1. Pairs, please: C-beta under 8 Å, at least 6 apart or cross-chain, first residue free of Cβ contacts under 8 Å to residues at least 24 places away in the same chain and in segment 94-120, second of a type in the set (Lys, Arg)?
2. For residue 97, only one of the following conditions fails: (1) at pLDDT 95 or above; (2) within 25 Å of residue 182 (Cα to Cα). What is its number?
3. Name every residue in segment 20-72 that is open to solvent by less than 30 Å² (accessible area, probe 1.4 Å) and assigned to a helix (DSSP H, G or I), in order of residue number.
4. Give the residue, chosen from 131, 170, 197, 151, that is within 30 Å of residue 33 (Cβ to Cβ) and charged (D, E, K, R).
Amino acid sequence: MVIAGCGGKHAMGPVDIPPGNTGETLVWSSEPQRPGWTLEEPSSANGTMFFVGISGNFASEQSGREDAKRNAINSIVSYTGTLAKNKFEQARVSFGLESSVVDPTSSARIFEKQLAVNVARQVKAKKWYIEKWQTPTGTAHRVFLLAEVPESSVNDSLKDTAKGMAKKAEQQAKEASDEIAKKQAEKAADFWKQMQEQGLTE
């Protein structure tokens, strides 16, 4: 499974800044027009994944930057978690495994927890764009971040998850009370070993 998109999307031209809510006035922006990348869907190129993080309204620019980064990380985890769940589901069906043996939903959650740790360490800010708005309650900073993260961190997270699940399945096979349960657990172990070999974006 390859994450769709291409690096060329970053050439998208600037877009007009939409009007704010009632009583809000744009007083400053780091660029004359809002960059086109602020509207992009997730994309990837040359082993790097790109995501956009958008902050809420914050009194300080620094708080806005931190929130935009958190938002980008959450977007990465959510997007790739959905890809992982779909991959698990398709592979589970091809292996002929019951959902009680391999649960794509719970497995994707485990993957997302592992991924969140890796992404937090490896996500980098590629571009920033900042707006300052005057609102009825004061000055508000809105920050946009084009973040990048290596595809390898996503694949490593999936492989770590699969490795742990394979060991669990092997243990269940040893402890199985009947031959049917043993074969299902052994098949599940083979399933997770295949996931470990494949990764998510390869």
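The values are calculated or read from the model by the stated rules, or taken from the named source; none is laboratory data. Keep in mind the model is a prediction, meaning the values are calculated, not measured. Counting neighbours? That spans all protein chains shown, and the Cβs are built from the backbone with ideal geometry, glycine included. Please note that ligands, DNA and RNA were not included when accessible areas were found on the heavy atoms of the full protein model with its side chains. Shrake-Rupley method; radii C 1.70, N 1.55, O 1.52, S 1.80 Å.
1. Here the result reads 99/92; 104/85; 104/92; 105/85, each pair linking segment 94-120 to a residue that is of a type in the set (Lys, Arg).
2. (1)
3. Passing the criteria: 36, 37, 38, 64, 68, 72.
4. 131
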